[in-house]
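The values are calculated or read from the model by the stated rules, or taken from the named source; none is laboratory data. All figures in this text were calculated on a predicted structure; none of them were measured in a lab. Counting neighbours? That spans all protein chains shown, and the Cβs are built from the backbone with ideal geometry, glycine included.
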Amino acid sequence: MTRTSLPPTVLVLRALGLGDLLAGVPALRGIRRGFPGHRIVLAQPAGLAEPALETGALDAVFPAEAPGRAVPTLTHWPGPPPDVAIDLHGNGPESRAALAALRPRRLLAHACADGPPWHAQTHERDRWCGFLAHYGIPADPRDLRLPPPSATSPAPGAVLVHPGAASGARRWPAERFAAVVRCLRAAGHQVVLTGGPGEETLVRAVAERSGVHHQDVRAGGMPLAELSALVAEASLVLCGDTGLAHLAYAHGTRSVTLFGPVSPRLWGPPPSPDHLALWRPGPPGDPHGRTPDARLLRIGSGEVAAACLTLLRCHRGEPADRPVRPAVAHAN
């Protein structure tokens, strides 16, 4: 097919992380249905191309990297202006301007004169589905599941524990993760520890304090396809407010997520007995802070272990001994 015979393009900007991508899946699928005759292209980091294309909502990914910057430049966009440009990146003029510079025929953005108001206290999935509804494009915030991964899990049925997070404010202490892991192993569960690039020391500390064998430690980052398979075939995922939590929601894997500076009502799992979000209410904190948020530190290892073991008993079809009373029920 020649360039002139290509269908009109919808360019969507959401050049953020894995969790942001997965939280945006319902909106992306709404765009796919709303523009059936268009080629849908997502501007995002190239490293997330595989999970983005697995959503079934996209035809292509356009690499948009911006290390240390909130909004990437799109000046290397090839070819003619997109027919429609959609800003799912944020609510400010910077992301709108990055798309407007491409001179699309139509631009949808919060920062446009005809754009909807920004509601800061709205869940991320609901926010972007509501944004599209303002423009007459229906999207279902519950439409977030991913298909089964093509890769094979290296540890099917294991409990996956991910102690890392992008910032210290969202990182529960290593010794508390280790205490929970010891409880899980004492109950007969295989535990696999994972960590991203730069988190090797943290993951090793949890492993050493909990007795996890080196073959069950996956530190330093894994290929996304393998990580996705590990999550999809896990019996449970325990982690903080990270992209891995959203991967568990997307695969329907039972999860316990620990929240601190940001309420699960804004970024938490969909309403489901299979997903528990633990959180202490209070004023919002800085999600990018260097030290653990005070609300996160008020979550004890005992209640986290109890939540995990209850969900695991349900996974095995066993009755729970007693209901879990988390710090706060799941989001929404």
List the pairs whose first member sits in segment 9-20 and is farther than 9 Å from PRO45 by Cα and part of a helix (DSSP H, G or I), whose second member is at pLDDT 95 or above and among the charged types (D, E, K, R), and whose Cβ atoms are under 9 Å apart, counting only residues at least 6 apart or on separate chains?
GLY19/GLU124; GLY19/ASP241; ASP20/ARG14; ASP20/GLU124
If the Cβ limit is 7 Å and pairs must be 6+ apart or interchain, which residue in segment 125-136 that is at positive phi and free of Cβ contacts under 8 Å to residues at least 60 places away in the same chain pairs with which residue that is part of a helix (DSSP H, G or I) and not aromatic (Phe, Trp, Tyr)?
none
Out of segment 134-151, which residues are in a loop (DSSP other than H, G, I, E, B), farther than 16 Å from VAL25 by Cα and modelled with pLDDT of 95 or more?
TYR135, GLY136
Can you tell me how many residues in segment 28-39 are touching a Ser or Thr at 6+ places or on another chain (Cβ under 8 Å) and either surrounded by fewer than 18 Cβ atoms within 10 Å (Cβ to Cβ) or of a type outside the set (Lys, Arg) (or both)?
3
Considering only segment 244-268, state which residues are closer than 19 Å to GLY164 by Cβ and in a loop (DSSP other than H, G, I, E, B).
THR253, PHE259, GLY260, PRO261, VAL262, GLY268
Of the candidates GLY56, GLY17, GLY30, the one satisfying the condition of being closer than 22 Å to TYR249 by Cα, in contact with a Cys (Cβ under 9 Å, 6 or more places away or on another chain) and among the small types (Gly, Ala, Ser) is GLY30
Given (1) touching a residue at least 40 places away in the same chain (Cβ under 8 Å); (2) crowded, with 20+ Cβ neighbours inside 10 Å, identify the lone condition not met by SER210.
(1)
Say whether the condition of being outside any strand (DSSP E or B), of a type outside the set (Lys, Arg), surrounded by fewer than 23 Cβ atoms within 10 Å (Cβ to Cβ) and in contact (Cβ under 8 Å) with a residue 60 or more places away in the chain is met by at least one residue in segment 56-70.
yes
When you go through TRP172, TRP118 one by one, which is the residue that is surrounded by 17 or more Cβ atoms within 10 Å (Cβ to Cβ), aromatic (Phe, Trp, Tyr) and at negative phi?
TRP172
Would you call ALA43 at pLDDT 95 or above, closer than 18 Å to GLY90 by Cα, outside any loop (DSSP other than H, G, I, E, B) and not polar (S, T, N, Q)?
yes
